[in-house]
Structure formats: C-alpha cells, structure tokens
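Trainee: Got a structure for you, questions after.
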Amino acid sequence: MPGNDAELRELVRKIALVNAIKHDGKSQPGPVIGTILGEKPEFRTKVKEITALINDVVREVNGLPLEKQRSIVEANWPDALAKGKVEEEKHLPPLPEASKYKQIVTRYAPNPDCVLHLGSARAIVLCHDYARLYKGKFIVRFEDTDPRVKIPVLEFYDRIREDLGWLGCKPDEEYIQSDRIPIYYEHAQKLLEKGFAYVCTSPPETFREKTLASEPCECRNLPVEEQMARWERMLEGGYREGEAVVRVKTDLNHPNPAVRDWPALRTIDPIKWPHPRVGSKYRVWPLYNLACGVDDHMMGITHIIRGKEHLTNQVRQEFMYKYFGWKYPQAIHYGRLKITGAYLSKSKIVQGVREGTFKDWDDPRLATFAALRRRGITPEAIKKMIIDVGPKTSDVTLSWENLNAYNRKILDPDASRYFFVQSPIELTVTQLPKAFTARLHKHPEHPERGSREYEVAPDGGGSAKLWISKKDVDPSKTGTMLRLMELFNIKVGKVNAYSADATFVSESYEEARKSKAHLIHWIPVGRDMPCSVVMQDATILEGVAENACKQLKPNDVIQFERFGFVRIDQTGKTLVAYYAHK
Ligand SMILES: [Zn+2]
C-alpha cells in the first residue's frame, strides 16, 4: 500500500470523526471513502485494501460519544470544523473492481441522429470524469448503423464533437461504427459457423408466436452449411429488406421473452436507405447489441456506465460474450434523470428544427448544449450538477432552477454588472440643485475591476432626462419616493405611456433607506444603446443598455442589475443578449 500506514490511518480517523460530528455521532463508511479518494486519488486503485481500514476506524469512531468525538477533533484539527467549510465537495464513488484492470476505459456512444442535450450529460460526464479520475481512457463511439429508422446525419458528427469539447469532455479516441462493418460481419460469421447464431427468414409474426411459446422457429436448427449459405445470400442481396435476420441463440425459455434469440444483423435496402457516410456500400447492417457488444470488448472497455434501460441489453449481450469466451465489462446502470420542463425528446427536437418550430439547434427553448451555451449556461455548472447526482440507480428529477442555481454560483463572482432598462420611459427630473456624478462599480465586491461614471447635470431649466423602466413606476401612486441607484432620491409625479415626471428630493442614501424607497436603475438619455434580450421562451424584450456595454464582446456573460444574467450574443449598434436566469 502506498504511503505511510500510520499516516493514512490518522487521515481516515480525522475524516471519520468530522463525518460523525456532522451526522449526530454516526459516521458512514461510504462518504468517508469518497472524501479519502477525493483527497488522495492515488488510492483509487486500492479501494479494497483501504475499505477494511476505513470500516475498522469508522467502527472505532462510532463507539465514542459525540462530545468525545468533538473534543478530539478540536484538539487535533481545530480547522476541520470551521463554519465556512460546511459545504462538502461531492466526489464520485469508486468504480467497482477498479483494481482488477490495468487501465480504466470508458466510452460514450452517441447515435449521430441529433445534437446532444442535457439528457446526454449524465452519461458523458460520468464516463469522462471516471476515466480522468483513474487516469484511464475515454472513448467516443458513434453508433451509426441504422440508416433506416435512427438515421445518422453528417452535420451531427461534428456538432457532437463540438459539444463534447465545450463540455470539457474531449475523448482520447474516437470510433465510428459505420467504418467497422467488416468487423461485425466477421463476428457474425464466427457465431454462425459455431452454431451460436442462425439466419432467420421466418415472417416476424411467426417468429414472435414461436418464441413466446418457447419454441424454435424452423430456421434455428438448420445445419451450419445451410446457415452459411443463407448468410452469403444475405450479403449478396439475395434477400429483400426485412426478409432475413441473423439471430443470436439464447435460451428459448428465458423468463424475459425480449431476450430470446435476439436479432444481430438485418438487411436494409441500400438504394432506398443510403448511409450518409458510406452510401449504398452495405445491405446488411448490425443491430445495436451485436455492434455495441463486439466494440465494447474489442475496445477494451472496462466499465460501461449507462442508463438502467440498458439492463436487458446486458443480459442479451452476455450470451454472445459467453460464445466468444469474453468477459463482460463492469456495468453501472444509473437511474433516469428527468429535467422538468426541458425538451429532451430527440425526435421532437429534430422535427421541430426541420419544420421551423424552433429557429435552430440553439433555440433558447431547447435543452440542447448548443442552446445552453448560447444562453450562458456554463459547462462547469452542468458538470457539477451531474457529479452531485452521481451514478446512483434511483431516478432523479431536477428542474431548470437546480441548474440555474449551479450556474449562478459560478457566474456571480465573475460577471460584471451593468444597467439595462427594459421597456424604457423617459423620466424628467426637475429642481436639480447641481450636477451629480454616479460611479458604478463593475462588481460590488471587486472595486479593482473598474467602474464607469455617469454625470447627471441640470439643463438651463434645472432638469435632466433619464431612462427608467416602465415597470418601476406605478402611475396610480404619484408622490412615491424612489432612489435612483448610486445617484439620488426622487419623488415621482405624473406617469404617462412613454414619459414620467419627478422632482429631486435629496442625495442621501440614509434618507432613502429610512423612507423604504425602492432602488431602481436608470440610464442618462444619450448615454444609452438599444438592447434586445432573447428570453428562454424565445420572446424578445426590448430596452436600452448603458453605453458602457459598447465594450462588451460576444460570449461575455454579464449581469443586468435587477434583471438577471445574460450572455452577449451580438454587439454593434444594437446589443443582443440571451437570458440565462435571475
Ligand atoms: Zn426463423
């Protein structure tokens, strides 16, 4: 075991004690292991060895009364219970049997029939991050062997690559299944030669009836020579689409009928359904379980991490693995991740974009990575949310608000603040005693990041004009006191559709606070630029932004005060921003 044993035991003891104190005196081995592996990644391949030690220490710690646990920690590690460190960094639990493999290899296997969306994030982030944690290999495999129903589209291969790069999950290796058809043929042939598979030409209904009755169809027991002749005929185009299927023999009495003699390859009309990459070259196409099962083995995948809807596929593929004498990889099947209110149906996304219901793949109403990117949702927020959910098998339902909260935490310390006035009306402030200069910091907690100044000076008649938002003044309440942020206090007079009057009251912030005046933002007329904000529902809010926004560049993410975080999309005469969230 690496490191010094006594030192390791002491570290485990500290973590177990802190964990116990946070949980009414009872420490749990799971979180302790998680924290240890977070702090000492070198132990990731030694989980079995350290688990015994951890169990031992946890037992010892849990035998102590809470008071005693606390006094030990306070005496030895006074900082460990510091208030500021309440939020525990979540770590992925260790992979099963990781120490059995020289190198951990994971894969993400998208079908390029759509762009990636939030629903894909769990598989991508878990596969990628586990590979990185164990200094292993992360493979991306395009599963594009269905040119008839889940038709691959050329542009999506690149869009998926772009999305993976944006998410920070670039693969170490990439494969495309439509480049590997001869490999699948070779394996199909081996299965047929050894009698582990057969070419079924029965009408689908006949096959279904027989299988449900646990009976073989008439093709199953034909001699190998006949199977090979049928296979040759399939490859040569002697069968029309749907007339012949290679089936892998399983157990006709298997309790799940869907497992019985599953289809491995089928014929597709190559003229009617050309493949976008290889055209009409192939008429026999592998189905999911054959292609995926062969590839997982050949690519040395050690850990398959995927949704639990794939559990039956594992059962199916295990028959084939047994025939080839292969060992099935470790499989982790996580539960469903639902995002309330998010559009996650691939076919609906594709249809909506093709028909023009959505403007493009990055329409703000979609939960595609392209849309999230455009709105200023950061890949870090997505990753953090997925890591926090982890690979657990129970179903999880999240909302946009959950993702927004992660994103806000990341943006808030960095985003500069600006004024945006939505649905502006022109406010004339009269009786100004002098010129006022407001100095607005880009970030209230970081004055060193700079500021901008706006002078509001009286004209010959003692008044000045400002843009304020229509929703900040109530026409029915004349005489209300408002404070123009960082400027002065006013009393609102008459409010019309596009203009309003007010009188200057005082400069003191104290006075505004005492009279509980609302703080509103403003922009001097003439120091503004037109600005459109595209909201998540694709509606557009028109308004003006302060002209300091002229320095902004596309992709900057900023906060419009009292409005929300936005990503700058276009600059120039008019500023176009996409709304992220409050
Ligand atoms: Zn048959």
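Trainee: Filter the helices (runs of 4 or more DSSP H) completely within the range 297-413 down to those with at least 3 residues that are under 21 Å from ARG141 (Cβ atoms) and modelled with pLDDT of 95 or more.
Mentor: In the range 297-413, the matching helices (runs of 4 or more DSSP H) lie at 311-324.
Trainee: Looking only at residues that are of a type outside the set (D, E, K, R) and assigned to a loop (DSSP other than H, G, I, E, B) in the range 499-518, which one is least open to solvent (accessible area, probe 1.4 Å)?
Mentor: Our first condition is that a residue be of a type outside the set (D, E, K, R); within the range 499-518, this holds for 499-500, 502-506, 508-509, 512, 515, 517-518.
This time we only want the ones that are assigned to a loop (DSSP other than H, G, I, E, B), so: 508, 515, 517.
Details: SER508: 49, SER515: 62, ALA517: 14 Å².
So the residue we want is ALA517.
Trainee: Looking only at residues in the range 44-70 that are in contact with a helix residue (DSSP H, G or I) (Cβ under 7 Å, 6 or more places away or on another chain), aliphatic (A, V, I, L, M) and farther than 20 Å from GLY25 by Cα, which one is most open to solvent (accessible area, probe 1.4 Å)?
Mentor: VAL47
Trainee: To continue, here is another question. Taking the range 214-272 as the search range and keeping residues that are acidic (Asp, Glu) and within 15 Å of the ligand (Cβ to nearest atom), which one is surrounded by the fewest Cβ atoms within 10 Å (Cβ to Cβ)?
Mentor: So, considering only residues that are acidic (Asp, Glu) and within 15 Å of the ligand (Cβ to nearest atom), the one surrounded by the fewest Cβ atoms within 10 Å (Cβ to Cβ) is GLU215.
Trainee: Output the residue which, of all residues in the range 193-213 that are among the acidic types (Asp, Glu) and within 12 Å of the ligand (Cβ to nearest atom), is least open to solvent (accessible area, probe 1.4 Å).
Mentor: Ranking the qualifying residues of the range 193-213, first place goes to GLU205.
Trainee: Working only within the range 235-281, note down all residues that are assigned to a loop (DSSP other than H, G, I, E, B), among the aliphatic types (A, V, I, L, M) and under 15 Å from ALA213 (Cα atoms).
Mentor: LEU252
Trainee: When the residues of the range 531-557 are narrowed to those that are assigned to a loop (DSSP other than H, G, I, E, B) and of a type in the set (D, E, K, R), which ends up surrounded by the most Cβ atoms within 10 Å (Cβ to Cβ)?
Mentor: In this case the residue turns out to be ASP556.
Trainee: To continue, here is another question. If LYS150 satisfies every condition in (1) of a type in the set (Lys, Arg); (2) open to solvent by 50 Å² or more (accessible area, probe 1.4 Å); (3) touching a strand residue (DSSP E or B) at 6+ places or on another chain (Cβ under 9 Å) but one, which is the exception?
Mentor: Status for LYS150: all satisfied but (3).
Trainee: Okay, next question. Does the range 519-530 contain any residue that is open to solvent by less than 60 Å² (accessible area, probe 1.4 Å), free of Cβ contacts under 8 Å to residues at least 60 places away in the same chain and within 23 Å of LYS359 (Cβ to Cβ)?
Mentor: No, the range 519-530 contains no residue that is open to solvent by less than 60 Å² (accessible area, probe 1.4 Å), free of Cβ contacts under 8 Å to residues at least 60 places away in the same chain and within 23 Å of LYS359 (Cβ to Cβ).
Trainee: Could you list, ordered by first residue, the pairs with Cβ atoms under 7 Å in which the first is in the range 469-489 and open to solvent by 40 Å² or more (accessible area, probe 1.4 Å) and the second is acidic (Asp, Glu) and in a loop (DSSP other than H, G, I, E, B), at least 6 apart or interchain?
Mentor: What qualifies is THR480/ASP474.
Trainee: Examine the range 73-95 for a residue that is polar (S, T, N, Q) and closer than 23 Å to PRO286 by Cα, and state whether such a residue exists.
Mentor: We begin by selecting, within the range 73-95, every residue polar (S, T, N, Q); these are 76.
Among the residues that remain, those that are also closer than 23 Å to PRO286 by Cα are: none.
No; the residues of the range 73-95 include none that is polar (S, T, N, Q) and closer than 23 Å to PRO286 by Cα.
Trainee: Within the range 114-122, is even one residue at pLDDT 95 or above, open to solvent by less than 10 Å² (accessible area, probe 1.4 Å) and under 21 Å from TYR328 (Cα atoms)?
Mentor: Scanning the range 114-122, I find no residue that is at pLDDT 95 or above, open to solvent by less than 10 Å² (accessible area, probe 1.4 Å) and under 21 Å from TYR328 (Cα atoms), so the answer is no.
Trainee: Condition first: under 12 Å from GLU193 (Cβ atoms) and touching a strand residue (DSSP E or B) at 6+ places or on another chain (Cβ under 6 Å). Now tell me which residues in the range 211-229 satisfy that.
Mentor: GLN227
Trainee: Taking the condition of being part of a loop (DSSP other than H, G, I, E, B) and touching a helix residue (DSSP H, G or I) at 6+ places or on another chain (Cβ under 6 Å), how many residues in the range 105-122 meet it?
Mentor: Residues in the range 105-122 being part of a loop (DSSP other than H, G, I, E, B) and touching a helix residue (DSSP H, G or I) at 6+ places or on another chain (Cβ under 6 Å): 5 in total.
Trainee: Answer with yes or no whether LYS338 is touching a residue at least 12 places away in the same chain (Cβ under 8 Å) and over 29 Å from PRO93 (Cα atoms).
Mentor: In short, no.
Trainee: Does the range 323-333 contain any residue that is without any contact (Cβ under 8 Å) to a residue 60 or more places away in the chain, charged (D, E, K, R) and open to solvent by 30 Å² or more (accessible area, probe 1.4 Å)? Show your work before the answer.
Mentor: Here is the first cut: in the range 323-333, the ones without any contact (Cβ under 8 Å) to a residue 60 or more places away in the chain are 325-329, 331.
Filter once more, keeping what is charged (D, E, K, R): 327.
Right, trim to open to solvent by 30 Å² or more (accessible area, probe 1.4 Å) and you get 327.
Yes, the range 323-333 contains at least one residue that is without any contact (Cβ under 8 Å) to a residue 60 or more places away in the chain, charged (D, E, K, R) and open to solvent by 30 Å² or more (accessible area, probe 1.4 Å).
Trainee: A follow-up question, please. How many residues does the range 10-63 contain that are among the hydroxyl-bearing types (Ser, Thr, Tyr) and in a loop (DSSP other than H, G, I, E, B)?
Mentor: Residues that pass the stated criteria total 1.
Trainee: I need every pair where a residue in the range 188-210 that is under 19 Å from ALA291 (Cβ atoms) and in a helix (DSSP H, G or I) has its Cβ under 9 Å from the Cβ of a residue that is more than 12 Å from the ligand (Cβ to nearest atom) and aromatic (Phe, Trp, Tyr), sequence separation at least 6 or different chains.
Mentor: Short answer, once both residue conditions are applied: ALA188/TRP231; GLN189/TRP231; LYS190/PHE196; LYS190/TYR323; LYS190/PHE324; LEU191/TYR323; LEU191/PHE324; LEU192/TRP231.
Trainee: Name the pairs whose Cβ atoms lie under 6 Å apart, with the first residue in the range 213-232 and free of Cβ contacts under 8 Å to residues at least 40 places away in the same chain, the second in a loop (DSSP other than H, G, I, E, B) and more than 10 Å from the ligand (Cβ to nearest atom), and 6 or more positions between them or separate chains?
Mentor: From residues that are free of Cβ contacts under 8 Å to residues at least 40 places away in the same chain, the pairs are VAL224/GLY195.
Trainee: Counting just the residues of the range 439-461 that are in a loop (DSSP other than H, G, I, E, B) and not small (Gly, Ala, Ser), which one comes out most open to solvent (accessible area, probe 1.4 Å)?
Mentor: GLU445
Trainee: Given (1) open to solvent by 70 Å² or more (accessible area, probe 1.4 Å); (2) over 27 Å from LYS322 (Cα atoms); (3) without any contact (Cβ under 8 Å) to a residue 40 or more places away in the chain, where does ASP172 come up short, assuming only one miss?
Mentor: Evaluating ASP172 over (1) open to solvent by 70 Å² or more (accessible area, probe 1.4 Å); (2) over 27 Å from LYS322 (Cα atoms); (3) without any contact (Cβ under 8 Å) to a residue 40 or more places away in the chain leaves (3) as the failure.
Trainee: Taking the range 273-309 on its own, how many of its residues are open to solvent by 40 Å² or more (accessible area, probe 1.4 Å) and under 29 Å from GLN103 (Cβ atoms)?
Mentor: Counting residues in the range 273-309 that are open to solvent by 40 Å² or more (accessible area, probe 1.4 Å) and under 29 Å from GLN103 (Cβ atoms) gives 5.
Trainee: Take the range 372-384 and flag every residue that is open to solvent by less than 10 Å² (accessible area, probe 1.4 Å) and either touching a residue at least 60 places away in the same chain (Cβ under 8 Å) or β-branched (Val, Ile, Thr) (or both).
Mentor: LEU372, ARG375, GLY376, ILE377, ILE382, listed by residue number.
Trainee: Identify all residues within the range 557-580 that are touching a Gly at 6+ places or on another chain (Cβ under 9 Å) and either without any contact (Cβ under 8 Å) to a residue 40 or more places away in the chain or at positive phi (or both); write none if there are none.
Mentor: Passing the criteria: only ILE568.
The values are calculated or read from the model by the stated rules, or taken from the named source; none is laboratory data. Quick caveat, the model's predicted, so the values are computed rather than measured. All Cβ positions, glycine included, derive from the backbone under ideal geometry; neighbour counts span all protein chains shown. SASA here: full protein model, heavy atoms, side chains in, ligands and nucleic acids out. Shrake-Rupley method; radii C 1.70, N 1.55, O 1.52, S 1.80 Å.
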